[in-house]
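Notes follow once the structure below has been shown.
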Amino acid sequence: MKTAIGVDLGGSHVTAAVVDENGKILGSHEQDIEEHGVDVVLKATGDMIDAALHDRCADGVVGIGIGSPGNIDLRSGTIRYSPNFQWENVPLGGRLRDRFKEPIYVGNDARCAALGEYTYGSGRGTRNFVLLTLGTGIGGGIVADGDLVLGTAAGAGEIGHHQIRARDGFVCNCGKIGCFEAQASGTGLIRHALAVRDSFPRSTLLERKPEKLSSKAIRKAAQAGDRHALTAWRNFCGDLAIGVSNVIAFVNPQVIALGGGVSTAGDFMLDSIRTRVDELTTMVPKRETHVVVAQLGNDAGPIGAATMAMRGGFKTPLT
Ligand SMILES: [Zn+2]
């Protein structure tokens, strides 16, 4: 059976997986990275690919796909810029081609995850699909009429950076005010909790230092009925609903899948946004887009990167 190596360059680790043509992970190798210097990340990436290639299950490897943060020149595999890694014009594809004989494909990590979910997860069987990953930021990928949308300079799908609160929102890492990512990512949930803390002086969430507050702790406290957490959760979900309804207006997909840490709240999250999404869906028929939780979790990245390699790059028909 054909296999491909799918690599996910995360903020804190590099994962390389052997994936078969049914989207199944046959073996996986992971290394932590403590800093994002080009040579450090390249060495860890090369070592993990080596480990995957030597895996017993790595028969018939047709290519190596790398999902990297940032905007990427898909032809050369050069990272034009990545704010997360503080990279500019890093020839990732070129450097890896010097080391490996297998074909190398480099694509944005969120687009890879969307491709993985579309092919093997929550988007299977649809033609119009959007993945939104609610993590430290918001990553996204759009499949329209069976085609992964890349845009003129591979920038399509940067849904996290459309502004939803340009006047009164939080400052985004990109410098703009009130981006969807600033308001409705895991980090956004923390910001919402801190923004209303003065109204809840006896909140249990404030027993820990602000920098120790996690989106998971807030979500759990909200589910347990804590008033401070519930207020933050409602504000967060209000902003999430704005972004989701905007995506419905832009793309009118059959399915929007929400992934990332916050999405582990499952129905608690979906129930919290459903009514507001319906209210904000005006010129598109209501309730035609199913908002669901993504299915592949952290595996979406490596599976999608391997799928990209298996197809010879993003721009082949996805069927
Ligand atoms: Zn932004």
Taking the condition of being outside any helix (DSSP H, G or I) and over 15 Å from residue 223 (Cβ atoms), how many residues in segment 248-288 meet it?
17
Confirm whether residue 202 is more than 16 Å from the ligand (Cβ to nearest atom) and not in a helix (DSSP H, G or I).
yes
Report yes if residue 110 is free of Cβ contacts under 8 Å to residues at least 24 places away in the same chain, within 15 Å of the ligand (Cβ to nearest atom) and among the small types (Gly, Ala, Ser), otherwise no.
no
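Taking the stated definitions as given, is residue 70 of a type outside the set (Lys, Arg) and more than 23 Å from the chain's Cα centre (by Cα)?
Against the criterion (of a type outside the set (Lys, Arg) and more than 23 Å from the chain's Cα centre (by Cα)), residue 70 does not qualify.
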So if I check each of 150, 96, which one is in a loop (DSSP other than H, G, I, E, B) and touching a residue at least 24 places away in the same chain (Cβ under 8 Å)?
150
Quick check on residue 240: is it of a type in the set (A, V, I, L, M, F, W, C), within 29 Å of residue 86 (Cα to Cα) and either surrounded by fewer than 19 Cβ atoms within 10 Å (Cβ to Cβ) or away from the ligand (no atom under 16 Å from the Cβ) (or both)?
no
Provide a single number: the residues in segment 298-319 that are under 17 Å from residue 122 (Cβ atoms) and at pLDDT below 95.
2
What is the one condition in (1) away from the ligand (no atom under 15 Å from the Cβ); (2) buried (at least 21 other Cβ atoms within 10 Å of the Cβ) that residue 150 does not satisfy?
(2)
Any idea how many residues of segment 289-300 are outside any helix (DSSP H, G or I) and in contact with a Gly (Cβ under 8 Å, 6 or more places away or on another chain)?
4
Residues (acidic (Asp, Glu) and either out of contact with any strand residue (DSSP E or B) (no Cβ under 9 Å at 6 or more places or on another chain) or surrounded by 13 or more Cβ atoms within 10 Å (Cβ to Cβ) (or both)) located in segment 32-58:
34, 35, 39, 47, 50, 55
Here are some conditions: (1) at pLDDT 95 or above; (2) farther than 21 Å from residue 68 by Cβ; (3) not in a loop (DSSP other than H, G, I, E, B). Residue 167 meets all but one. Which one does it not meet?
(3)
Got a sec? Which of 192, 228 is assigned to a helix (DSSP H, G or I), more than 19 Å from residue 258 (Cβ to Cβ), modelled with pLDDT of 95 or more and more than 16 Å from the ligand (Cβ to nearest atom)?
228
Out of the residues in segment 59-81 that are in contact with a strand residue (DSSP E or B) (Cβ under 8 Å, 6 or more places away or on another chain) and assigned to a loop (DSSP other than H, G, I, E, B), which is surrounded by the fewest Cβ atoms within 10 Å (Cβ to Cβ)?
60
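Here are 156, 182: which of them is surrounded by fewer than 18 Cβ atoms within 10 Å (Cβ to Cβ), without any contact (Cβ under 8 Å) to a residue 40 or more places away in the chain and within 16 Å of the ligand (Cβ to nearest atom)?
When all the criteria are applied, what remains is 156.
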Can you tell me which residue is surrounded by the fewest Cβ atoms within 10 Å (Cβ to Cβ) among those in segment 159-169 that are near the ligand (Cβ under 9 Å from one of its atoms) and farther than 24 Å from residue 298 by Cβ?
163
For residue 140: the one exception among (1) assigned to a loop (DSSP other than H, G, I, E, B); (2) within 16 Å of the ligand (Cβ to nearest atom):
(1)
Just give me the residues in segment 170-179 being surrounded by fewer than 16 Cβ atoms within 10 Å (Cβ to Cβ) and assigned to a loop (DSSP other than H, G, I, E, B), in sequence order.
174, 175, 176
Would you mind stating whether residue 50 is charged (D, E, K, R) and either without any contact (Cβ under 8 Å) to a residue 12 or more places away in the chain or part of a strand (DSSP E or B) (or both)?
yes
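For (1) small (Gly, Ala, Ser); (2) at pLDDT 95 or above, each residue gets a yes or a no:
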site: 12; (1), (2): yes, no
site: 29; (1), (2): no, yes
site: 41; (1), (2): no, yes
site: 57; (1), (2): no, no
site: 86; (1), (2): no, no
site: 105; (1), (2): no, yes
site: 108; (1), (2): no, yes
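The values are calculated or read from the model by the stated rules, or taken from the named source; none is laboratory data. Predicted, not measured: the structure shown is a model, and the values here were computed from it. All Cβ positions, glycine included, derive from the backbone under ideal geometry; neighbour counts span all protein chains shown.
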